[in-house]
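Report on the structure given below.
What follows draws every value from the coordinates through simple rules; no lab data is involved. As the structure is a computational prediction, the values presented were derived from the model and not from experiment. FYI the Cβ positions are ideal-geometry reconstructions off the backbone, even for glycines, and counts take in every protein chain you see.
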Amino acid sequence: MERHSIIEGDDFEYKIVACVDEHGQRPAEDALDAMVRGEWGEDPEVAGTDLPNDEQIRAVNRLIAGMTFYAEHGYTAGLGPGRTVSINKLRYGLWEFKEGNKRIAYFDTQGDGVCNPKSWQRELGYFENDPGSKDDVAPLLDFELRLSHAFGKPPLQRKTPEQDMQTARKLMEEDLAHDRTA
Amino acid sequence: MTELRKGSSWLERAKASNPSFAAEQSAADVALRASVLLREAWHECELAGVERKDLAAILELDPSRITQVLNSDGNVRLSTLSKFLVVMGYELELGAKPGIEGRKPIGRRKPRRTRADSDQTKSSSSVYVSKIRHEGATTFKWTVFDESFPADHETISGPHLVGQLDPDQEPLKIRTSRFDSKTSTPEPSTVTAARDTWMEIS
């Protein structure tokens, strides 16, 4: 079983990798392939339009830029003053990258078949010289971030759809099982 | 632990196979980084007690425009980004690295010449001549030493100092004196010579 690197760099904080399901498929990578072509049909922001959709391509450019920045620096570009948070914490150790209504759930692991859930670190000081800040700070995750499930969040819905949540969790478990049997 | 596939990442492959995507992705990356610069610079300003109206006054803009730029996605004009950073106490740096094999680096400062390099370029050289008689003909060997070379006509056996080289001209114009083979007396003259060559005097 071969894993595919999605985003990586020589001195990056994290490596982003595609999750592999029980059949050896990589659903998140397939979704990214479709997004890059503007042909991802689960995108609520292009519902009712003809595909390929140029706006979807531009949006995925922004999504990938945010993922790359996070992988490189270990914090999201949106955190801090004037932030537009580009990651959210989900459940079961899962997080999500987001751009508009496009979401990609991910989890972190050391590659040992386990994901140890982590939480926001509400630390004093997002910047070292800013002791008064109370911004949430992304926790230090394990080195590999694995993309499990890409989904479109319905407009005006605050909570992640339960079906997508369970799909993301199932993919995480299937992926981690590969590590345990390797 | 399972193994990662060797080679480039999905993102690198996507860029390589789709130049249009690569271009748009680069633009998105740069815009994101610009927005981070603006936000972090503004955060430092806030800590220092600077207010938006202060920036607005300097830049002669409406405070709402200041807010608009500081909260933007970074896709602002380069001049706008530069102005905002400067008034917030930072200086924008630009750079580019080769993205295709074979492309030379651009925009890099050339290696600075050292004082020694500069002096060497500007310094003149001394021209020495040695007279050699052979089978009835008289031949002169011209030897050129840089001024910094630790030698002079007294330490070089035989040759006579006959003039100075103009370092800025090629072929070398020797501002020298014509060497009179009979009297060994230099006479005012100008000759053209390559360095360290043999010259036949007819």
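Which is the longest run of chain A containing none of the trypsin sites (Lys or Arg not before Pro) found in DSSP loop states (not H, G, I, E, B) with at most 13 other C-beta atoms within 10 Å? Write down the numbers at each step before the final one.
Details: sites that count: A:R91, A:K134, A:R158, A:K159.
With trypsin sites (Lys or Arg not before Pro) excluded where exposed in loops, chain A gives A:1-90 as its longest stretch.
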Item checked: Rg/Rg_ref, chain A, where Rg_ref = 2.2 N^0.38 Å and atoms are Cα -> 1.02
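What is the fewest-to-most order of B:H43, A:H73 by other Cβ atoms lying within 10 Å of their Cβ? Don't skip to the answer; put the middle values down first.
Values: B:H43 20, A:H73 14.
Listing B:H43, A:H73 from fewest to most nearby Cβ atoms yields A:H73, B:H43.
So for chain A, averaging the separation of alpha carbon pairs under 8 Å that are six or more residues apart and normalising by length, what relative contact order in percent results? List each step's numbers first, then the result.
On the way: 334 pairs, mean separation 44.4, N = 182.
Reported as a whole number, the value is 24 percent.
Quick one: dipole size for chain A, taken about the Cα centre, charges +1 on Lys/Arg Cβ and -1 on Asp/Glu Cβ, in debye to the nearest 20. Kindly include the intermediate steps, with their values, before the conclusion.
Working: 22 positive and 35 negative charges, 153 e Å.
Using only the charged Cβ atoms, the result is roughly 740 debye.
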Checklist line | Separation between Cα centres of the stretch B:44-108 and the stretch A:1-74, rounded to whole Å | finding: 29 Å
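Assign unit charges at the C-beta atoms only (+1 for Lys and Arg, -1 for Asp and Glu), then state the dipole size of the stretch B:1-76 relative to its Cα centre in Debye, rounded to the nearest 20.
Values: 9 positive and 12 negative charges, 91 e Å.
Taking the Cα centre of the stretch B:1-76 as origin, the dipole is about 440 debye.
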Check: Got a sec? How would A:T49, A:T76 order by Cβ neighbour count within 10 Å, fewest to most?
Finding: A:T49, A:T76
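How many Å³ per residue does the convex hull of the Cα positions in the stretch B:10-87 occupy? All intermediate terms of the calculation are to be shown ahead of the outcome.
Values: hull volume 7.0 nm³, N = 78.
So the per-residue Cα hull volume is 90 Å³.
Using +1 on the beta carbon of Lys and Arg, -1 on that of Asp and Glu, and nothing else charged, what's the dipole of the stretch B:60-105 about the Cα centre, debye to 20?
Numbers: 6 positive and 6 negative charges, 48 e Å.
Once rounded to the nearest 20, the dipole reads 240 debye.
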